[in-house]
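Undergrad: One structure, as structure tokens, below. Some questions next.
The values are calculated or read from the model by the stated rules, or taken from the named source; none is laboratory data. Not measured: the values here are computed from a predicted model. Glycine gets a Cβ as well: all are built from the backbone with ideal geometry, and neighbour counts include every protein chain shown.
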Amino acid sequence: MEANKYLTDEFISKIEKFNLRARLIVEGFITGLHKSPYHGFSVEFSDHRQYIPGDPISNLDWKVYAKTNRYYIKRFEEETNLRCYIILDHSASMGYSSGDVSKLEYAKALASALSYLMISQQDAVGLLSYTNKITNYIPPRSMKSYLNEIYKHLFKLNSEDSTQTLQTLHTLADRIKKRSLIILISDMIDEPDNIVQGLQHFRHNKHEVIMFHIQDKQELAFDFKRETQFIDAETNEKVTVSPWQIKKDYFEQYEKSVNYLKTKCYESFIEYNPITTKTPFDENLLNYLIKRSKLQ
């Protein structure tokens, strides 16, 4: 998948002005477009250079000296300012669309833009996709060329299978050791308690969590005009109803679920962002970045 499938030059020029800082993560990170000043705190070996009097003796590579009889200093490349994990739900319900774009295509566009933004600000981004199991896991990297790997996996994703959010989130939370930014993109069609418990696991481990709740306009309006057959995308169960007869009950249950998510996210310091596929993804993301930048 090419980057410009979703990311036009005009849109890129707009989002590059923003920095998706991690507000809750302080220790160990310094955000922005510059290298971390914490030399030696979290670094990766890069290469060598010849020893210069005054260099720290602790950085001498004695193995190289044994082979060459010359003093060389280990040179380090500072780790990226932040690690970000984008978690993308591509279960069958994400394939629903009442308009031009499905929830999954919308989510893939959003994930593409967020990946570009994180890497452009020299942060590392990884991708985990899931249904009722983890289907892809790409560990975080910060190289520009790494975007092609992420785009390739996003392009291949189809909506399929049921959803198992809780186990997926627990598995990833157990795997991540360094404080990170966690971004969940899903239609949240799962047991709300399971979603919350999984995300609270990340918060317990001191990660910052952002949730993008993808919703189709019909999920919000439910204004079907004629008798309609509804098919559960994940169980294939079918039921034919007169929508106007169940509209009130539908709204009560839907609002109850959404309000529960909002409340629990607020209590757990998880950022909840409801977005609808009716609004172009670039407009939604830009508005979000503007709002978030004002909170820094």
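Undergrad: Restricting attention to the range 172-188, and to residues there that are of a type in the set (Val, Ile, Thr) and more than 15 Å from GLN200 (Cβ to Cβ), which single residue is farthest from the chain's Cα centre (by Cα)? Steps first, please.
TA: Of all residues in the range 172-188, those of a type in the set (Val, Ile, Thr) come to 176, 182-183, 185.
With more than 15 Å from GLN200 (Cβ to Cβ) added as a condition, the list becomes 183, 185.
Working: ILE183: 3, ILE185: 6 Å.
Going through the qualifying residues, I end up with ILE185.
Undergrad: Still on this structure: Any idea which residue in the range 235-266 is farthest from GLU219 (Cα to Cα), counting only those that are free of Cβ contacts under 8 Å to residues at least 12 places away in the same chain and polar (S, T, N, Q)?
TA: Only one residue fits best here, namely THR263.
Undergrad: Taking only the range 260-275 into account, find how many residues are in a strand (DSSP E or B) and among the polar types (S, T, N, Q). Break it down stepwise before answering.
TA: Our first condition is that a residue be in a strand (DSSP E or B); within the range 260-275, this holds for 271-275.
Right, trim to among the polar types (S, T, N, Q) and you get 273.
Counting residues in the range 260-275 that are in a strand (DSSP E or B) and among the polar types (S, T, N, Q) gives 1.
Undergrad: Out of curiosity, is SER102 in contact with a Phe, Trp or Tyr (Cβ under 9 Å, 6 or more places away or on another chain), touching a residue at least 24 places away in the same chain (Cβ under 8 Å) and in the same structural domain as LYS177 (by TED's automatic domain parsing)?
TA: Yes, satisfied.
Undergrad: Follow-up. Out of the strands (runs of 3 or more DSSP E) lying entirely within the range 122-239, which hold 1 or more residues that are hydroxyl-bearing (Ser, Thr, Tyr) and either in the same structural domain as TYR96 (by TED's automatic domain parsing) or touching a strand residue (DSSP E or B) at 6+ places or on another chain (Cβ under 9 Å) (or both)?
TA: On the way: elements: 124-130, 134-141, 181-186, 208-215, 228-231.
Here the list reads 124-130, 134-141, 181-186, 228-231.
Undergrad: Just the residues that are surrounded by 12 or more Cβ atoms within 10 Å (Cβ to Cβ) and of a type in the set (S, T, N, Q), please, taken from the range 138-147.
TA: SER142
Undergrad: Go through (1) out of contact with any His (no Cβ under 7 Å at 6 or more places or on another chain); (2) under 24 Å from ARG292 (Cα atoms); (3) small (Gly, Ala, Ser) one by one and return the number of the condition SER242 breaks.
TA: Going through the list (1) out of contact with any His (no Cβ under 7 Å at 6 or more places or on another chain); (2) under 24 Å from ARG292 (Cα atoms); (3) small (Gly, Ala, Ser), SER242 breaks only (2).
Undergrad: Is there any pair with a first residue in the range 139-153 that is more than 13 Å from ALA111 (Cα to Cα) and of a type in the set (D, E, K, R) and a second that is at pLDDT below 90 and not in a helix (DSSP H, G or I) whose Cβ atoms are under 9 Å apart and which are 6 or more apart or on different chains, and what are they?
TA: ARG141/THR80
Undergrad: Mind listing whichever residues of the range 101-121 are assigned to a helix (DSSP H, G or I) and not small (Gly, Ala, Ser)?
TA: LYS103, LEU104, GLU105, TYR106, LYS108, LEU110, LEU114, TYR116, LEU117, MET118, ILE119
Undergrad: For the range 69-100, which positions are at pLDDT 95 or above, outside any strand (DSSP E or B) and either among the aliphatic types (A, V, I, L, M) or over 21 Å from LEU184 (Cα atoms) (or both)?
TA: MET94
Undergrad: Pairs only if they're at least six apart or on different chains, beta carbon under 6 angstrom, first in the range 212-225 and over 25 Å from LEU114 (Cα atoms), second assigned to a helix (DSSP H, G or I); list them, first residue then second.
TA: Hits for this filter: PHE222/LYS247; PHE222/TYR250; PHE224/PRO243.
Undergrad: If you don't mind, there's one more thing I want to ask. Across the range 148-188, which residue is surrounded by the fewest Cβ atoms within 10 Å (Cβ to Cβ) among those that are touching a Cys at 6+ places or on another chain (Cβ under 7 Å) and within 29 Å of LEU220 (Cβ to Cβ)? Let's see the steps before the verdict.
TA: Narrowing the range 148-188 to residues touching a Cys at 6+ places or on another chain (Cβ under 7 Å): 180-181, 183.
Then keep just the ones that are within 29 Å of LEU220 (Cβ to Cβ); that gives 181, 183.
Details: LEU181: 27, ILE183: 25.
Result: ILE183.
Undergrad: Looking at the range 256-275, can you tell me whether even one residue there is over 23 Å from the mean Cα position of the chain (by Cα), small (Gly, Ala, Ser) and over 25 Å from PRO140 (Cβ atoms)?
TA: No - not one qualifying residue is present in the range 256-275.
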